[in-house]
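Every read-out reported here was derived from the displayed coordinates using simple, explicitly stated rules and does not represent laboratory data. For clarity, every value in this text was computed on a predicted model and none was experimentally measured.
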Amino acid sequence: MAVKFSHVDFTYAPKSPFQFDALHDINLVIKDESFTAVIGHTGSGKSTLIQHINALLIPTSGVVQIEDSLILPTKKKKYLRRIKRKLKNKKVKAEQKERLAFLQSIVLAHKTYKVKELRKKVGVVFQFPEYQLFEETVIKDVAFGPRNFGVSAADASLLAKEALTMVGINESFYARSPFELSGGEKRRVAIAGILALKPEILVLDEPTAGLDPLSAAQMMETFAKIHKNGTTIVLVTHDMDLVLRYASDVVVMKDGKILEETTPVKLFADVKEEYSLEVPTFYAVMQELVKRGCPLDISKINNVSDLAKMLKSLKEKV
Ligand SMILES: Nc1ncnc2c1ncn2[C@@H]1O[C@H](COP(=O)(O)OP(=O)(O)OP(=O)(O)O)[C@@H](O)[C@H]1O
Ligand SMILES: [Mg+2]
């Protein structure tokens, strides 16, 4: 399922002393079945952006379209009235009127989401998913989501077991309290809770932060498998190795704005100084090899193992 942001602004705690404008005129398309990485400095608005995809946060203005339905700042009629009022207002600038007319046309042409319907399609694993746990046992916690959407107890239990297996949690954990697990185990269980819903869009906010390297790698492979089966994935991360290894597309954010929508290969081939991001080490090694005359096609290699294979085959040709 594709996600489209049109002129989305978001303000935390509006009209209060803590008011903070966190997103500014976001226009973005997350392609259907893509694996889209969202990157940017701490505080650039990544978590704020992705929480709009399941309406945990609602645009202050602008619309988010998921497939053929919309998430709006207010009820549809009220939002249309607000747009109309502004369009008539002589003080509103022509440029803003153009945006408003565009938004009006989108709103008129689509229906809006009921939150429950949306949450079934979009699963979000928060930055600290362990806070999402609340049931008495691991299995109940993971089965809660499907149960909440009307799945029978027996089927929900099957879905839960399947999801727990995917994240590497075995039967011995099922009856344990989620609160008595290690940090990494809690995270796996919380992720399983989202996977059990089989969302069409899976949004992951730094899902591997704090996991040991092996667990993190296994978790990423699980997400890659889910992606291969047709799920659209949005991954917020600070880890450029993951971007290069898994992402098909990259969104670069800064100060609540989108700086660029690109691909990993294009991003790393010509890193703009203002992004101040760290190029993956092995990518830098490849660049150095090319610089020294090694005939590598960097755009086709995104992991160490493939680089090794490529070097070996080049050596054999010599
Ligand atoms: N509840 C809130 N109330 C007010 N401001 C907030 C709130 N949550 C976040 N912000 C502010 O909004 C901005 C964007 O925050 P956000 O959490 O989206 O950043 P981020 O890119 O996810 O950062 P990180 O990489 O640290 O997770 C930050 O400046 C932050 O201080
Ligand atoms: Mg964040």
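What is the distance in Å between the Cα centres of region 1-43 and region 167-198? Measuring centre to centre over Cα atoms gives 29 Å.
Straightening the chain between Glu274 and Asn27 buys 86.9 nm, computed as 0.36 nm per residue apart minus the Cα-Cα spacing.
Using a ≥ b ≥ c from the Cα gyration tensor of the chain (square roots of the eigenvalues), is it rounded, prolate or oblate, where a/c under 1.5 gives rounded and otherwise the larger of a/b and b/c decides, a/b for prolate? Because a/c hits 1.5 or more and a/b fails to exceed b/c, the chain counts as oblate.
Spatial offset of region 228-270 relative to region 132-158 amounts to 32 Å, using the alpha carbon center of each.
Taking each residue as 0.36 nm, the span from Cys294 to Thr74 lengthens on full extension beyond its C-alpha to C-alpha distance by 73.5 nm.
When the Cα gyration tensor is reduced to axis lengths a ≥ b ≥ c, the ratio a/c is 1.5 or higher for region 1-74, and with a/b not above b/c it is classed as oblate.
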